[in-house]
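The values are calculated or read from the model by the stated rules, or taken from the named source; none is laboratory data. All of these numbers come straight from a predicted model, not from anything done at the bench. Note that we place each Cβ from the backbone using ideal geometry, even for glycine, and neighbour counts take in every protein chain shown.
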Amino acid sequence: MGKTIKLISGDGEMFEVEEAVAFQSNIIKSLADEDNADDCIPLPRVDSQILSKVLEFCRKHANSPSVHTKFAAIPSELCPKHDGSAAGASSSESSSAHSETCRACYDAVMKLVQWDLEFVKVDLDLIHHLLKAANYLDIEDLMFMAVEGAANAIRGNNPEEIRKLFDLENDFTPEEEKEILKEYSWLDDPFEP
Amino acid sequence: MGMWAVLPLDLLARVFSFLPPDSVARAMAACKHWLACARSRAAAPRHAPWLIALPARGGPACFAHDPALNRWHALPLDFLPCPLRLVAPVGRSLLCRLTASSDLRLVLLNPFTRQFRHLPDLATPRRNPAVGVIDSSPFSVIVAGGASGSGYEPKVELYEDGRVDRWESLGPMPVEFAVRLTVWTPNESVHAGDGAMYWMTSARAYSVMGFDLRRRTWREVKAPMADQLEWAALVRRPNRKLGLVGGAVGGQGTVWELTDKDAWAAVAEVPAKLGQRIWGCRKEAAALGGVVRCVGDERTVYLFKDFGSEMLVWEEERGWRLMEGRRRVSSTPIKAALLHPTLSVAEIFHASM
């Protein structure tokens, strides 16, 4: 176990996690860099229920290639085939690009993507909280996944279905709603030259 | 109660940026907060741009091709008081010219949001000059060459949007460049990372001209395979270098890039079998006639013959692929450009003077 960081949620619960896990948050990373005798970082805007979910995500994503990283840019020490442990990798290797044809890396990233999708399946309340937490804590992968989760719930649905899923009140009159859909109806009409 | 109804606009805009336009449109109709967000914030485009085609002689509509669904849409232009001809894409809009005016008069148009705005008249009125776009925010436009009653106009002028409401002179230019740019008016311009605006004559033998915006000097760069190229177009490459796509009909198609030493390096070749679907083989080519059209930006290049025909698409990471054409191919002459569809009201149309 490497160096740990203590985080305090908005409702006063303490979480102790490895630096590698917590530092996926750019905010936590920069707060920890400042001199802090207790190594205790307060996060007043995140409650314990959400923070524990965020940390579960970060734990899974620590020492894994980011889902955004182009495969060619994955450093070789993160490749499962090369025994993934970051500790002990020589500094000269750490910045070298990994082969973009490495099947092990590709599979690892795909598995991670699948895990992410399962992580937020269906629960838009959770996605909402994770979206705000990812924004507040500046965690890129979590933001990406929460946004993707929300977008998936919108994609292909009509306005009424969207309202049900996202608990939105319809504050349009029927005429207003018709006008909006009419304005973009061209998107539904294919044209033959 | 709905937390999503009050989600901060920036976060909501990010969600919309992951969606194709038709999903954004339906999301807009869900509630007023979502409508306001999508209308006001155009998030950075994540999907491939669409191919927009305007009929060369104007018309009641223009056409937009969605690459994700390989589908064309007709966008009405009935809100325009006069027909327009496409010049170049700028930001999320199109720079166009008034078809009815022989002197160049430029108009900014967004066919998705149905907005348009006239640019001020040129300092020196002229016909058929070269037009170059600097796609920054705010944008600038350069006009060079052209002809008037008194002959060729070897002058360059610049318009910087939002700064002053007029064109400013950038001084004279060599007459031979003015002549070439007027007689073979370029179809596109590329503002490259070296600070130069590049144009290419619209017909063979292709000649590429560069105008250094800082030093205000001109130079000619020979096109690759200059004597053999039968179709060609300039494109911007991802590293902001100048690219040229071209080929000999019935032969190969190549993507080149201009290197620091003014030499052309081949970056990609069109696979022969795919290329033949577009320009036919040597024997057919002479009979078919017609010209291979090329439209591209940093990430995508389209090659096609006619409006509605099969299209060859190249993306650096995905390689080449064919997009099936429509049943009927139209012989309507069109000018095309790549543009990201917008559903939000474009601020560029509210530039205050």
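Quick check: is even one residue across region B:16-23 farther than 21 Å from A:Leu126 by Cα, surrounded by fewer than 18 Cβ atoms within 10 Å (Cβ to Cβ) and polar (S, T, N, Q)?
So far as region B:16-23 goes, no, none of its residues is farther than 21 Å from A:Leu126 by Cα, surrounded by fewer than 18 Cβ atoms within 10 Å (Cβ to Cβ) and polar (S, T, N, Q).
Of all residues being surrounded by fewer than 19 Cβ atoms within 10 Å (Cβ to Cβ) and not basic (Lys, Arg) in region A:154-166, which is farthest from B:Asp22 (Cα to Cα)? Just the residue, please.
Per the criteria, the residue is A:Leu165.
Suppose we keep only residues that are in a helix (DSSP H, G or I) and either within 21 Å of the chain's Cα centre (by Cα) or facing chain A (nearest Cβ under 7 Å) (or both) within region B:13-24. Which one would you say is farthest from B:Leu69 (Cα to Cα)?
B:Arg14
What's the number of the only condition in (1) within 26 Å of B:Glu298 (Cα to Cα); (2) surrounded by fewer than 18 Cβ atoms within 10 Å (Cβ to Cβ); (3) in contact with a helix residue (DSSP H, G or I) (Cβ under 6 Å, 6 or more places away or on another chain) that B:Ala130 fails to meet?
The failed condition is (2).
For B:Arg71, state whether it is crowded, with 18+ Cβ neighbours inside 10 Å and within 9 Å of another protein chain (Cβ to nearest Cβ).
When the stated conditions are applied, B:Arg71 does not pass them.
Taking the conditions exactly as written (at pLDDT below 90, surrounded by 13 or more Cβ atoms within 10 Å (Cβ to Cβ), away from chain B (no Cβ under 13 Å) and touching a helix residue (DSSP H, G or I) at 6+ places or on another chain (Cβ under 9 Å)), does A:Phe144 satisfy them or not?
Here the answer is no, as A:Phe144 does not meet what is asked.
Which of (1) surrounded by fewer than 17 Cβ atoms within 10 Å (Cβ to Cβ); (2) under 16 Å from B:Leu84 (Cα atoms); (3) in contact with a strand residue (DSSP E or B) (Cβ under 8 Å, 6 or more places away or on another chain) is the odd one out, the single condition B:Ser148 does not satisfy?
Tallying (1) surrounded by fewer than 17 Cβ atoms within 10 Å (Cβ to Cβ); (2) under 16 Å from B:Leu84 (Cα atoms); (3) in contact with a strand residue (DSSP E or B) (Cβ under 8 Å, 6 or more places away or on another chain), B:Ser148 fails exactly one: (2).
Do any helices (runs of 4 or more DSSP H) entirely within region A:131-193 hold 3 or more residues that are of a type in the set (Asp, Glu), and if so, which?
Here the list reads A:140-154, A:174-183.
Just to be sure before I move on: is A:Phe166 touching a residue at least 24 places away in the same chain (Cβ under 8 Å) and within 9 Å of chain B (Cβ to nearest Cβ) in the structure I sent?
So A:Phe166 fits the description; yes.
Could you look through region B:48-63, keep only residues that are among the aliphatic types (A, V, I, L, M) and either within 14 Å of B:Met323 (Cβ to Cβ) or in contact with a Lys or Arg (Cβ under 9 Å, 6 or more places away or on another chain) (or both), and pick out the one that is nearest to the other protein chains (Cβ to nearest Cβ)?
For region B:48-63, the residue satisfying everything is B:Ala53.
Quick grid of which residues meet (1) more than 30 Å from A:Thr173 (Cβ to Cβ); (2) more than 8 Å from every other protein chain (Cβ to nearest Cβ); (3) at pLDDT below 90; (4) not in a loop (DSSP other than H, G, I, E, B):
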| site | (1), (2), (3), (4) |
| --- | --- |
| B:Leu11 | no, no, no, yes |
| B:Arg26 | no, no, no, yes |
| B:Arg46 | yes, yes, yes, no |
| B:Leu86 | yes, yes, no, yes |
| B:Arg97 | yes, yes, no, yes |
| B:Ala100 | yes, yes, no, no |
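Which strands (runs of 3 or more DSSP E) does region B:182-235 wholly contain that include 2 or more residues that are over 17 Å from B:Asp260 (Cα atoms)?
B:196-200
Any residue at all in region B:175-196 that is over 20 Å from B:Leu234 (Cβ atoms) and surrounded by fewer than 20 Cβ atoms within 10 Å (Cβ to Cβ)?
Yes, the conditions are met somewhere in region B:175-196.
If a residue must be in a loop (DSSP other than H, G, I, E, B) and without any contact (Cβ under 8 Å) to a residue 24 or more places away in the chain, how many such residues does region B:123-157 contain?
Going through region B:123-157 one residue at a time, the tally reaches 4.
Name the residues in region B:30-43 that are touching a Lys or Arg at 6+ places or on another chain (Cβ under 9 Å) and within 23 Å of B:Phe349 (Cβ to Cβ), would you?
Result: B:Ala42, B:Ala43.
So, in region B:33-44, of the ones that are without any contact (Cβ under 8 Å) to a residue 40 or more places away in the chain and surrounded by fewer than 22 Cβ atoms within 10 Å (Cβ to Cβ), which residue ends up farthest from the other protein chains (Cβ to nearest Cβ)?
B:Ala44
Considering (1) modelled with pLDDT under 90; (2) of a type in the set (Lys, Arg); (3) assigned to a loop (DSSP other than H, G, I, E, B), say which one A:Lys60 fails and leave the rest.
Failing condition for A:Lys60: (3).
The rows are residues; the columns are (1) modelled with pLDDT under 80; (2) away from chain A (no Cβ under 14 Å); (3) not in a helix (DSSP H, G or I).
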site	(1), (2), (3)
B:Ala287	yes, yes, no
B:Val295	no, yes, yes
B:Tyr302	no, yes, yes
B:Ser309	no, no, yes
B:Arg328	yes, no, yes
B:Ser344	yes, no, yes
